[in-house]
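Remarks on the structure that follows.
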């Protein structure tokens, strides 16, 4: 069978054995719905899927890269403490308040709802509410967060990493390129770019049980997930991902290594625009001027001599991208191969969800001593919808 899932027969088993908390012996693990939960599952005719199925559906762990939409039906405070990667929060008691996040989503999209385990009725309740809203393909991962956190890494919110930073009880790892790390990071973090893990393995902690929190450029950045998976493969047991990353940290009003440093006030001087091949260049080497390029994209006035290149995997590009951009997954190619794929008659501008992969694509050409006079990258956090309409937040330059 293509889908190896635990079908709804589990609720029958729960009823047959009349499983409930009072009947469980100490140390015994509940592996089927309680009678109350089983009735809800039967009422909404829900399919129950297992850990392996759910793990496959989170894809690479990012919201953009997930195959199915995962919904955590627990209270938001629980969600922030630890959830399944890529999941969004829609508590059963505040369903209408949180539902707006997905109100315009394709109702045929596969949805997997979970909560606090086999006895938790919040997930089937939210699943039923989603069905009433018109969602056609709603499933349950009823073993939920308790099983997940024992078997894989969890995604956390700002309160957890903020507490870890304050108590100094975790290792914080910035998985973005080192240049981005120097630009601004969460105080106390060390730099281990996902693209340099082999070379920097010695920077990982000796203690395999210490808490490690990885982060990068936001919910659509896969670098923190890459490092997390590597840590698990090396035997680390307490790995977490702060998926909101530096953008969420800033949004929550918290200081970065840049904002925490007070710079002497200098008299402002009007800088002369640096123009190359019709491109207004940014102050950081290799960048286009962020605000200038943002205006061109949002007003749909990008000159015909500029080719915008999405450097993310094909599945991410297909999900959503900047209008008229082409896709070249630059990590698959050597520097010479990448250069051969760029138009000789156009200016190439790399971009991704957070600016990190775009920087690496440009850096690959630069480090190979290839001609980058007609290649640039756009350093910004970018979120696009299926209609290729995007919201863009330009990252601050190093200077």
Discussion item. How much length would be gained if the chain were fully extended between residue 95 and residue 285, taking 0.36 nm per residue of separation minus their Cα-Cα distance, in nm to one decimal?
Written reply: 63.7 nm
Worksheet item: What relative contact order, as a whole-number percentage, does the chain give when Cα pairs under 8 Å and 6 or more residues apart are counted?
Response: 11 percent
Worksheet item: Short version: what are the Cα gyration tensor semi-axes of segment 275-394, square root of 5 times each eigenvalue, largest first, in whole Å?
Response: 20, 17, 13
Discussion item. How large is the translational diffusion coefficient of the chain in µm² per second when you combine the Kirkwood radius over alpha carbon pairs with Stokes-Einstein at 25 °C and 0.890 mPa s?
Written reply: 107 µm²/s
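For an R0 of 30 angstrom, estimate the FRET efficiency from the Cβ-Cβ distance between residue 200 and residue 168 and round to the nearest 0.05.
Values: r = 22 Å, r/R0 = 0.72.
It comes to 0.90.
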Fill in: Angle between the chain longest axis and helix 122-132 axis [Cα atoms, degrees, rounded to 10]
70 degrees
Worksheet item: Where in segment 67-98 does the label zone of residue 132 land, with the point 7 angstrom along Cα→C-beta and an amide N cut-off under 19 Å?
Response: 71-75, 90-98
Practice prompt. Alpha carbons only, please: Rg and Dmax for segment 154-251, in angstrom.
Written response: 11.9, 33
Worksheet item: For residue 233 and residue 31, FRET efficiency with R0 = 22 Å and r from the beta-carbon atoms, rounded to 0.05?
Response: 0.20
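How long is the gain from residue 255 to residue 343 if the chain were fully straight, where each residue apart is worth 0.36 nm and the alpha carbon distance is subtracted?
Using 0.36 nm per residue and subtracting the Cα-Cα distance, I get 27.6 nm.
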Item to complete: In a Gaussian network model over the chain where Cα atoms closer than 10 Å are linked, find which of 137, 238, 369 has the largest mean-square fluctuation.
Response: 369
Worksheet item: So what's the gap between the Cα centers of segment 335-374 and segment 302-324, to the nearest angstrom?
Response: 14 Å
Worksheet item: How do 354, 334, 191 line up, fewest other C-beta atoms within 10 Å first?
Response: 334, 191, 354
Worksheet item: Hey, what angle do you get for helix 158-167 against the long axis of the chain, alpha-carbon based, 0 to 90 degrees rounded to 10?
Response: 80 degrees
Item to complete: Could you state the angle between the C-alpha long axis of helix 356-367 and the longest principal axis of the C-alpha atoms of the chain, as a value from 0 to 90 degrees rounded to the nearest 10?
Response: 40 degrees
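Each reported figure results from applying straightforward, stated rules to the coordinates on display, with no laboratory input. Computed from a prediction, not measured in an experiment: that's the story for all the values here. Cβ: placed from backbone, ideal geometry, glycine included. Neighbour counts: every protein chain shown.
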